[in-house]
1. Could you tell me what fraction of 2.2 N^0.38 Å the Cα radius of gyration of region 1-126 comes to, as a two-decimal ratio?
2. Once the Cα atoms of region 157-238 are picked out, what are the Rg and Dmax in Å?
3. Once you have the alpha carbon radius of gyration of region 321-374, what is it after dividing by 2.2 N^0.38 Å, with N set to its residue count?
4. Output ³J(HN,Hα) for region 236-242: one whole-Hz value per residue in order, computed from phi by the Karplus curve 6.51 cos²θ - 1.76 cosθ + 1.60 with θ = phi - 60°, and x for Gly and Pro.
5. All other residues with a Cβ under 15 Å from the Cβ of G285 taken together, and with Lys, Arg as +1 and Asp, Glu as -1, what is their net charge?
6. Please list log₁₀ I(q)/I(0) at q = 0.08, 0.09, 0.13 Å⁻¹ for the chain, using the Debye equation with identical point scatterers on the alpha-carbon positions.
7. Could you tell me what percent of the accessible area of the chain is made up of carbon and sulfur, with a 1.4 Å probe and every protein chain present?
8. Percent of Cα-Cα pairs per 5 Å bin, from 0 to the last occupied bin, for region 272-362, please list those.
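The values are calculated or read from the model by the stated rules, or taken from the named source; none is laboratory data. None of these values were measured; they are calculated from a predicted model. Cβ coordinates were reconstructed from backbone atoms using ideal geometry, including for glycine residues, and neighbour counts include every protein chain displayed. The protein model used for the area step is the full one, side chains on, heavy atoms only, and it has no ligands, DNA or RNA in it. Shrake-Rupley method; radii C 1.70, N 1.55, O 1.52, S 1.80 Å.
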Amino acid sequence: MTPRPPLVEPIVRPLPRPGAILRHAFGHNLANGFSAFLFAAAGPGAMILAVGAAADLPPAHIAAWLFAAYGFSGILSIAVCFLYRQPLAFGYSMPAVVIVGPALGSYPLPELVGAYLATGALILLLALTGLVRRATAALPEPIAMAMVAGVFLPFGLRLVGAFDSGPWIAGAMAAAYLVSAAAPALRKRLPPLLAALVAGALTVIATGEFNPPADMALHMASPVFFMPVFRIEALVEFVLPLTVTVVAIHNIQGFAILRNAGFAPPERLSTLLCGGGTFLYGVMGSVPTVVTGPANAILNISGAREWRFVGGMWFGLFFILFGVFAPTAVQLGGAVPIAFIAGLAGLAMLPVLQSAFVESFRGAFTFGALVTFLVTTSGVEILGIGSAFWGLVFGYAVSRLVERQDFRQAADARAGLKKAAGT
């Protein structure tokens, strides 16, 4: 009889020593951690502000949302990176912001909070019953990576678009990135992404395109707690789409990226943290907790693999600071030109896209991976659920139909591994 797996994965021992963390805290890890933070904070933070303002939410409620979304995500990221020695970052669901944004005009925030708490309960149930683990284990890796490629492709295309909106900024960043990437000796001291970031920042300042608002001042966010209201209409409309964005879009992306980078992500623990975190985020008005795909990808683009978790800890620290000083931080992010953010995100995604395409189309399950990629990039929505989920659904279904031999070979390989492990 196969033993039942533990509720959560055991932490990795020995725990890293502070001195060792400090020795690996700079260079690639600092550059990747800050770049991942900048990507996850500037545009998404501004979107929360825009959604909140459009719904006439009080500034204190918007600040509480940002405080929860960033501050607690930072704490989770630091803890898991430290305990499991891998760059596993947590955040909040951007598709969920898109889903609930228009609804803020129809549903009072406490009713959405009720939907958030119900979503957290459903995520916990899926994690405790093992359904999430079995579903991810059954999904072929090429299909999962094809979904990742489809989700990240727009970021690569925005890099190209940055040459139109800000040619000097994008050109300086691309040139610095390529110079560092082409020189191995320089690349060790000055990671390509850090070179691009510095060149872009200097160009933004030199061209006078850094435009902070005149009334900018240092403001701290304060937590605000909401008493949930469980309205049946809100539960029916939002719980299923929000749950799908967490377990079948965000988390699958993040886990696939980490596995592709050579890690064994703690999927059971992460899903439980997403369920429990959704309760904590929810009572402060924030959308659900997720494992971040793009941030995990950026954290894994360079540096010694066994120390990349330090970049994840940097990411978490920057997230905490952003959450505490959210009102001021978002103003700073809005002062940076779009070309800078798009250029940095696009350059960060280049190695990720390359790896995702290679993993998707180099061997088995390639037709299912192609369908997944096409549906994901289409942007189609069905039942309020985004194209990344439907890419997995249709890609897997098509692969099951026309690539049965690949599934048989994969099953035989797993059976062989289990037999070898048993002997």
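1. Ratio of Cα Rg to 2.2 N^0.38 Å: 1.34.
2. So, for region 157-238, Rg and Dmax equal 21.6, 61 Å respectively.
3. 1.78
4. Karplus values, whole Hz, x for Gly and Pro: 5, 6, 10, 4, 5, x, 5.
5. Within the 15 Å Cβ shell, the charges total -2.
6. For the chain at q = 0.08, 0.09, 0.13 Å⁻¹, log10 I(q)/I(0) is -0.43, -0.55, -1.20.
7. On the way: 13060 of 18570 Å².
On the chain, the fraction of accessible area on carbon and sulfur atoms equals 70 percent.
8. 3, 11, 13, 19, 22, 16, 11, 4, 1, 0
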